[in-house]
Amino acid sequence: MDLPISLDSDAALVLFELLASRTDISDSLGLGSPERAALDLFEASLERSLTEPFAPNYSELLVAAKRRLGERQGT
């Protein structure tokens, strides 16, 4: 069963970067194979939905998304 998940583009981009850039997060959190597989599937789903990771100014887009998320959260 597929579940619809609603994320705004800023949250989706920041989550994608977190998942795509994780190196030892899985190990430091003590995640097993099923948890890693779930994260990989979520990352792949975000990658299929986003165009920003392929933009030449990706790092600038990511910084802006993080700033806007922080502003909305009051940080």
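Taking the conditions exactly as written (at pLDDT 95 or above, surrounded by 10 or more Cβ atoms within 10 Å (Cβ to Cβ), assigned to a helix (DSSP H, G or I) and within 16 Å of the chain's Cα centre (by Cα)), does S26 satisfy them or not?
Numbers: at pLDDT 95 or above: no; surrounded by 10 or more Cβ atoms within 10 Å (Cβ to Cβ): yes; assigned to a helix (DSSP H, G or I): yes; within 16 Å of the chain's Cα centre (by Cα): yes.
Taking the combined requirement at face value, the residue does not satisfy it.
For the structure I just gave you, tell me whether L39 is touching a Lys or Arg at 6+ places or on another chain (Cβ under 8 Å), part of a helix (DSSP H, G or I) and surrounded by 11 or more Cβ atoms within 10 Å (Cβ to Cβ).
Yes.
The values are calculated or read from the model by the stated rules, or taken from the named source; none is laboratory data. Keep in mind that this is a model prediction, so the values were computed, not measured. Cβ atoms come from the backbone with ideal geometry, glycine included; neighbour counts cover every protein chain shown.
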